Amino acid sequence: MKDRPVVIGLDVGSSAIKIIAAETDGEAILFRERREYGVYRGEAPEPVSIYCDMAAEILGEVLAGFRVKAVGVTTQMYSIL
């Protein structure tokens, strides 16, 4: 499995982070999503660190199992990564 090349899509939104890994032919092989509604409502003390921690956890799983060829990132409106 480690030799399988994949591309990663990472979507950092206002209420969730979603990550998909797909083979280079387009077949999705992994999808993970984490939701933190407190961030969206302004209740979380450090929303940026929450998303960084979630992304690191999910990406760690992907990197352990596949050879990543490319990563695409989207964010909520007017965000800076």
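At full extension, residue 33 and residue 61 could sit 8.8 nm farther apart than now, given 0.36 nm per residue minus the alpha carbon distance.
Amide H contacts for residue 13 (H built 1.01 Å from N in the peptide plane; partners 5 or more residues away or on another chain; cut-off under 5 Å): 18.
Here the gap between residue 52 and residue 69, fully extended at 0.36 nm per residue and compared with their Cα-Cα distance, gives a gain of 4.0 nm.
Among 13-26, 63-76, how do they line up by average Cβ neighbours within 10 Å per residue, starting with the highest?
Numbers: 13-26: 15.2, 63-76: 12.6.
Averaged packing, sorted descending, gives the order 13-26, 63-76.
Read the figures in this text as sums done on the coordinates, not as results from a lab. From a predicted model like this one, the values you see are computed outputs, not experimental measurements. In this analysis, Cβ positions are derived from the backbone assuming ideal geometry, glycine residues included, and neighbour counts consider all displayed protein chains.
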